[in-house]
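Since the structure comes first, as structure tokens, the remarks are kept for the end.
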Amino acid sequence: MHQDERGHTLTTQSSEAAAFLDTSIHNFLHWKADVMPHISASIKADPEFGFAHVVSGLVLHGARNVNYSGNIKQAISAAHLGAKAMSERELLYLKALEAGAAGRIAQAVTCYETILLHNPRDLFAQRLSQMELFWIGEMKWSAEISQRSARHWSADVPGYGIHLSCRAFDLEEIHEFQTAEELARQAVEIDPTDAWGTHAVAHVMIMQGRYNEGITWLEGLKGHWSDVNQMQLHLWWHRCLFHLELGEFEEVLEIYDTWVRNRELPLLVSVPDLYIDMQNGASMLLRLELRGVDVEARWNELAEVTLNRLNDHTSPFTSPHFAIILAASSRFIEADQLLEAMKIFAKADDGTLGPRYSAAAIPASIAAIAHRKKDHQTVVDILMPARQMLWQMGGSHAQRDLFFLILADSLQHLGQDDLLGIVLDDIEHAGFTDAASRIGYQAENLQPH
């Protein structure tokens, strides 16, 4: 029997298979791009290693792409063949994978909670629970999970910095900014390549309006991102946010073309439509357009890879970004097809995601399409009653802000400045400092009709 780097049992007779899987999980936790090759090597060394198949399925599930559903089902089937040899902990991971793959996200998270109850330093479970909860907007729940585990951690446990960065991001999203920044900075001091710790500090800074400081923070750490997966592109997206707030639009475009959606980068060559990259691209282009910047033909490459995702309902936060992309590239027929598919899914789904599509993703998508058509009254009619439900689509406060920017723009076009004051209150309740000073909410910066 073998163990991972924190002493958890890996039920395989092959030391080579155990070592490969431990490396894959380590790389996953550290946001490294080199994950799946080590999982494949582990399975090759021991094809009956059930937990290796589970980990494969979990990583694919985390990519939130309906086109991976066949591979996930294969991973589940292969895991069941080795289930008799698996530990109780490993079987709970299998149960979590089955629940997550079926869209029963809350059930999957309860599996991770149970794992952490008995194995509080199982960082893989902590990280997976955070990812699941983040994409359904349940960060208070995530913070409760990391808080229960926190007292079991110390600096001598491998991965301590990663635990700190996970905990920091939980705290940032529930507005405990000071502690979040302290823990995240500690994590980055332990390991400057810690992209999640870097990310948590960037979030605190955008929420607090510390734009120049944010640029300096990311500039000082960018040299450590060479082995980081798509999270490095998201960090560049965060840098764009800082420049955008400062009105430095040329810098935003340069970073966008060089990093955020540079299709020549190996990360985007291998996976051009990863959900986070699509969100990054769509939201930044729309933010620029709301400031009157001509983004030229940049929507087209996003639309190209969106067309095969019209029936993808794996992420209620990503789907409205698909709607934004299709509408922005004048593909209104496909945008309507996407919307109709979302409605059918929401009506039929009995898992965690269906209700979130109904409450948040569908209204956000309708509003995004209407905004592109300059139907500002529909935007207001849809988003004013839905705006307090948008948290259910998941994503961060900083990401969901895009839909409040859309609403603010439409209110300005309609001359409804009284309602704009309500939106500004919403933004401050979401944790942003001095919402009225932000570039997207200053009346003189909103674009005329």
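Within this structure, Ser319 fails the test of being more than 22 Å from Val380 (Cα to Cα) and buried (at least 24 other Cβ atoms within 10 Å of the Cβ). Looking at the structure I just gave you, is Arg387 basic (Lys, Arg), within 15 Å of Ala323 (Cβ to Cβ), at pLDDT 95 or above and in the same structural domain as Ile333 (by TED's automatic domain parsing)? No.
Listed by position, the helices (runs of 4 or more DSSP H) enclosed by the range 202-256 that each have at least 3 residues that are crowded, with 17+ Cβ neighbours inside 10 Å and not β-branched (Val, Ile, Thr) are 211-221, 231-245.
Selection within the range 427-438: residues that are touching a residue at least 24 places away in the same chain (Cβ under 8 Å) and surrounded by fewer than 18 Cβ atoms within 10 Å (Cβ to Cβ). The member of this set that is nearest to the chain's Cα centre (by Cα) is Thr433.
In the range 277-286, the condition of being farther than 21 Å from Asp409 by Cβ, in contact (Cβ under 8 Å) with a residue 60 or more places away in the chain and either surrounded by fewer than 18 Cβ atoms within 10 Å (Cβ to Cβ) or not assigned by TED's automatic domain parsing to the domain that holds Asp34 (or both) is met by no residue.
Applying the criterion of being surrounded by fewer than 24 Cβ atoms within 10 Å (Cβ to Cβ) and hydrophobic (A, V, I, L, M, F, W, C) to the residues of the range 336-352, the residue that is nearest to Ile406 (Cα to Cα) is Leu339. The lone criterion from (1) polar (S, T, N, Q); (2) over 30 Å from Gly70 (Cα atoms); (3) part of a helix (DSSP H, G or I) left unmet by Ser154 is number (3).
When the range 12-25 is filtered for residues that are surrounded by fewer than 21 Cβ atoms within 10 Å (Cβ to Cβ) and either part of a helix (DSSP H, G or I) or touching a helix residue (DSSP H, G or I) at 6+ places or on another chain (Cβ under 8 Å) (or both), the ones remaining, listed by number, are Ser14, Ser15, Glu16, Ala19, Asp22, Thr23.
The values are calculated or read from the model by the stated rules, or taken from the named source; none is laboratory data. What you see is a predicted model, and the numbers here were worked out from it, not measured in a lab. When we count neighbours, we look across all protein chains shown, and the Cβ atoms used for this are built from the backbone with ideal geometry, even at glycine.
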